[in-house]
Amino acid sequence: MSDVNGGIGAGQTGGTGADENGPHPAEAVADGGDAVPDGADAAPGAAPALPARPVERRAAVIRLRPEKEAAYLALHADAWPGVLDALRRAHIGNYSIFLRDGLLFSYLEYSGSDWAADSAAIAADPVSRAWWALTDPCQQPLDSAAPGEGWAPAREVFHLP
């Protein structure tokens, strides 16, 4: 059930574009994606920085088991530093999980160039795997989820850059 998009793991794509892997990073800029050059506030005379990769927005949903809500909220109130480090190494930032009426909605921004490889790196991380052993039992896939899919990708239908 774990995936990078919402469960802090790998396996699901959580795409935001027309295909299951989301838009190509170049399309995110053309679509109004957030790309801010590194060093935009650099001191005068400093070497120009390479432009930052465009951010790929990803969202996904899953149900939270009511009897596990307190445990899930407690875990996320004190997320493990090793899990957070694995996410950062995988070029994931601005990551949030929201809860409403038993539904978890996750949003993250991916700035890497190889989602599959970065997701696999998180999946191979022992700290992330230990985290999933605690969080996965709290989650229940949506009825519309594909077989074996935990966090189901949500399609972006609007974006105000």
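Exactly one of these conditions fails for Pro51: (1) at pLDDT 95 or above; (2) surrounded by 12 or more Cβ atoms within 10 Å (Cβ to Cβ). Give me its number. It is condition (1) that Pro51 fails. Scanning region 60-91 for residues that are open to solvent by less than 80 Å² (accessible area, probe 1.4 Å), within 12 Å of the chain's Cα centre (by Cα) and free of Cβ contacts under 8 Å to residues at least 24 places away in the same chain turns up just one, Leu84.
Tell me, please, whether a residue that is at positive phi, β-branched (Val, Ile, Thr) and modelled with pLDDT under 65 can be found in region 14-26. No - not one qualifying residue is present in region 14-26.
For Asp125, state whether it is charged (D, E, K, R), open to solvent by 30 Å² or more (accessible area, probe 1.4 Å), modelled with pLDDT of 95 or more and out of contact with any strand residue (DSSP E or B) (no Cβ under 7 Å at 6 or more places or on another chain). Answer is no for this residue. Scanning region 128-151 for residues that are crowded, with 19+ Cβ neighbours inside 10 Å and of a type in the set (Ser, Thr, Tyr) yields Ser128, Thr135.
The values are calculated or read from the model by the stated rules, or taken from the named source; none is laboratory data. Being a predicted model, the structure only gives us computed values, none of them experimental. All Cβ positions, glycine included, derive from the backbone under ideal geometry; neighbour counts span all protein chains shown. We work out accessible area using only protein heavy atoms, side chains counted, and drop any ligands, DNA or RNA first. Shrake-Rupley method; radii C 1.70, N 1.55, O 1.52, S 1.80 Å.
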